[in-house]
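The structure appears right after this line, and notes come after that.
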Amino acid sequence: MKNPSVVVFCFCLIASCIILLSNKIHDEPALDIQLDKSSKYVGVQQPHGLGFTGNGIKVAVIDTGVDYNHPDLLGFGHDSKVVGGYDFVENDNSPMDINGHGTEVAGIIAANGIMRGIAPDAKILAYRVSDTGNAVSSELIVNAIKRAISDGADIINISLGVNRTNDRIEDAINDAVRSGVVVIVAAGNSGPDRMTIGSPGKDPHAITVGATYNNITASLVATLQVDGKRFQVLPMVGMQPTSQTITGEIVFGKYGREEDLAKIDAKDKILLVQRGSDKENELIYFSQKEKNSANAGAKALIVFNNEPGIFLGDLRNKEEGPDYKPRIPTVSISNEDGLDLANMLQNKTVGTINIFYHPDFVSFFSSRGPVSPFYIKPNLVAPGVFVNTTSINGGYNLTSGTSFAAPHVAGASALLLQKSPSLSPQEVASILTTTADPVADTFGTGFPYEVSGAGRLNVTRAFGANLIIIPDHAIFDLSPFETSSTTIFQLKTLNQEDSDIQVEFDFEHPVAEFSYSISGNLLEITASLVDQSAGQYEGRIIISDGQTKYRIPVILRISDAAIHVSDDGGKLDFSLYYQEEWSYAKISVFNSDSRLVNSVSVTPTRHEPVAIYQPGTYWIQAELKANNETKTVYSSIIVEHATQRQMFDLRALNIPGQQVLIVVLAVSGIIALGLIIRLR
């Protein structure tokens, strides 16, 4: 060989191009199973009383397997509770659970014995993808989803989640949904921070479930209000509800030691102390801080974290023993809020504390959205704190986590499919979300949709629903340049009879006016700009069919910029508007799977269309650069007629323009190098 170095150079250049072209090359980190514990709080009495118990429905549980020797989940095989499955860890046909997580999930869905699940006569398909309950590769999850589809699952429950994206899992979920399988996934336990939902919870076609508290005795919450300002606090484990509001001056008590409190007047005060100690190796239990505070005459105790974030404190410990009972209300608060509150104590500062039961409070650990500006996640919430469910070795366990909120929705889906077997996954999602109960925080303010989705699962209302509304949410983008926006909903009745539809709007902020018209099975709703105050607002469209009220979440965005999208036979063109001069914009086009189709860069004098090769709904995001600011605006469009692919078109492969340029330069370099070699 004359020039081996040249050959090696060319090979490396081509390999580099391949890597740059890849949009999906990423590490395969393990996915953590949400191994907390949970509870249930749903109304299944009506469907059960009518004989609907999930009979004939198969629910796939992709988890740590199922203990099919448990008396409430007994048997493996055709005529048993667990009718099939596969062990992807041991590569055999015996998906026995030795961890417990999968058995807890399966019990919430379909236990039928001492405990009864949401759908006690549904059958389980068990797919074991983890032996420890701590981690599992995405490949095993993908293989389990494919196997569940081929085994005829009606529903798939995946109580796994990470706070990042995994395209392979989402591709498999999308295949399942397109095959008619309802996919339920846990939101994850990475709350209370925003944007903590990862795959598979961020998939737009999956039904993503966050966690609320449970029944009355498992739903203790607290409020703290100081000079009109509301603080998020958590009652410590071991507390009881207060019989009346606690009001008092707040004073700082350092770390809550006896010597700390001896230096201040704590009588009839609310004490603010810091978690832990400032002395090395000194351990001060929360119970000790509470006892010291009570002995000093304090009315209540607030403990703020010694590291960022909030925490759930536990007054119970081995030092105190079973006879210990706290004497004063004790709550925890985040480090940030604690320091803020401490700074307010320069003057006499009065606070009020309440501790009470609130079953529909969204758990602080439940992962939050948003995951996209184009749809709402989580879809809804369900009980996920302190529920008794089946466990391995024939036992039962109290468990918490979104892992166990999700199977409540899976069980509810089984009841809906038994009643109406022809429902599509999108229709099941619509019924579940539009019949959910709105939920509020401890002050009675509705949770934002990024926290609670449409609300808490209501099986009774979902089972009695006759109206299906597609889509099940609406997002309106308004500006001085786009003063109105319209969403069209498809209406379908399960009994195939016409309904007397009534529409009203629940919107606290009067920034837009809403109007509607109904033609056949189409409901057209238009939002018109009234107030140009930029921001994002939330409300609801309430639709009544005479028997049930359906609540549709609405997000209204008002901006001082806008993007207009036009479609010319599958070629999208864009017009950008802003009150000031803008110099540059990046426009990204996403399909309904939330995947990037293409992105282009434009200026006020240079426009570039985007070719669309598949009909469907497309979402548009534009980032405008003006002076030193970036404005992000959104739009959407339905493409009915796609453009034809060219014989050789790199853009048809969804390759971003920068990578196209790299490929062109690399290929040109190879050609030039080849010519040089030939001339030698």
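Read-outs: derived from the displayed coordinates by stated rules, not from any lab. If you're wondering where the values come from, they're calculated on a predicted model, not measured in any experiment. Here the Cβ is made from the backbone with ideal geometry for all residues, glycine too, and neighbour counts use every protein chain on show.
Provide the FRET efficiency to the nearest 0.05 for the Arg168-Gln426 pair, computing r from the beta carbons and using R0 = 25 Å. For R0 = 25 Å, the calculated efficiency reads 0.65. Highest mean packing first, where packing is the average number of other Cβ atoms within 10 Å per residue, the peptides 333-340, 407-414, 380-387, 359-366 line up as 407-414, 380-387, 359-366, 333-340.
The helix-only estimate of mean residue ellipticity at 222 nm for the chain, built from DSSP H runs of length n ≥ 4 each weighted as -39500 (n - 2.57), is -6500 deg cm²/dmol after division by the residue total. Diffusion coefficient (Stokes-Einstein, Kirkwood radius over C-alpha pairs, 4 °C, 1.567 mPa s) for the range 284-332: 113 µm²/s, rounded to a whole number.
Label separation (Thr632 vs Arg327): 5.3 nm, computed from points 7 Å beyond Cα along the C-beta direction.
What shape does the range 561-644 take by its C-alpha gyration tensor, where a ≥ b ≥ c are the square roots of the eigenvalues and a/c under 1.5 counts as rounded, a/b above b/c as prolate, and the rest as oblate? Prolate. Panel values: the chain, Kirkwood radius from alpha carbon pairs, Stokes-Einstein at 10 °C and 1.306 mPa s, translational diffusion coefficient 57 µm²/s. Of the peptides 444-452, 601-609, the ranking by mean beta-carbon count within 10 Å, highest at the top, reads 444-452, 601-609. Each Lys and Arg contributes +1 and each Asp and Glu -1, all at the Cβ; summed about the Cα centre of the range 466-558, the dipole is approximately 180 debye.
Treat every Asp and Glu Cβ in the chain as -1 and every Lys and Arg Cβ as +1, leave all other atoms uncharged, and give the resulting dipole magnitude about the Cα centre to the nearest 20 debye.
Working: 53 positive and 74 negative charges, 169 e Å.
With only Lys, Arg, Asp and Glu charged at Cβ, the dipole is about 820 debye.
Summing Cβ point charges (Lys, Arg +1; Asp, Glu -1) relative to the Cα centre of the range 561-644 gives a dipole of roughly 180 debye.
Just to verify a number: FRET efficiency for Leu398 and Tyr357, C-beta to C-beta distance, R0 = 22 Å, to 0.05? All intermediate terms of the calculation are to be shown ahead of the outcome.
Working: r = 17 Å, r/R0 = 0.79.
That pair, Leu398 with Tyr357, gives E of 0.80.
Taking a ≥ b ≥ c as the square roots of the Cα gyration tensor eigenvalues, with a/c under 1.5 meaning rounded and otherwise prolate when a/b beats b/c, else oblate, which class fits the range 310-357? Prolate is the answer for the range 310-357, as a/c is 1.5 or above and a/b outweighs b/c.
For the pair Leu339 and Val530, the difference between a 0.36 nm per residue extended length and the Cα-Cα distance amounts to 64.7 nm.
Would you please put 196-203, 114-121, 342-349 in order of how densely packed they are, using the mean number of other Cβ atoms within 10 angstrom per residue and starting with the highest?
Numbers: 196-203: 26.9, 114-121: 22.5, 342-349: 11.4.
Listed from highest to lowest mean packing, they are 196-203, 114-121, 342-349.
Rg over Rh for the range 220-357 works out to 0.92, using Cα positions for both radii and the Kirkwood form for Rh. Normalised by the number of residues in the range 220-357, the average gap of Cα pairs under 8 Å and 6 or more apart makes the relative contact order 38 percent. Candidate membrane-span-like segments in the chain, meaning DSSP H helices with Cα atoms spread over at least 27 Å of their own axis and a Kyte-Doolittle mean of -1.0 or above, are 657-679, with no membrane implied.
Starting from the Cα gyration tensor of the range 466-558, take the square roots of the eigenvalues, sort them a ≥ b ≥ c, and report rounded, prolate or oblate (rounded when a/c is under 1.5, otherwise prolate if a/b is larger than b/c, else oblate). Prolate is the answer for the range 466-558, as a/c is 1.5 or above and a/b outweighs b/c.
Once Lys and Arg get +1 and Asp and Glu get -1 on their Cβ, which of Met96, Ser199, Gly394 lies farthest toward the positive end of the dipole of the chain? So the residue we want is Met96.
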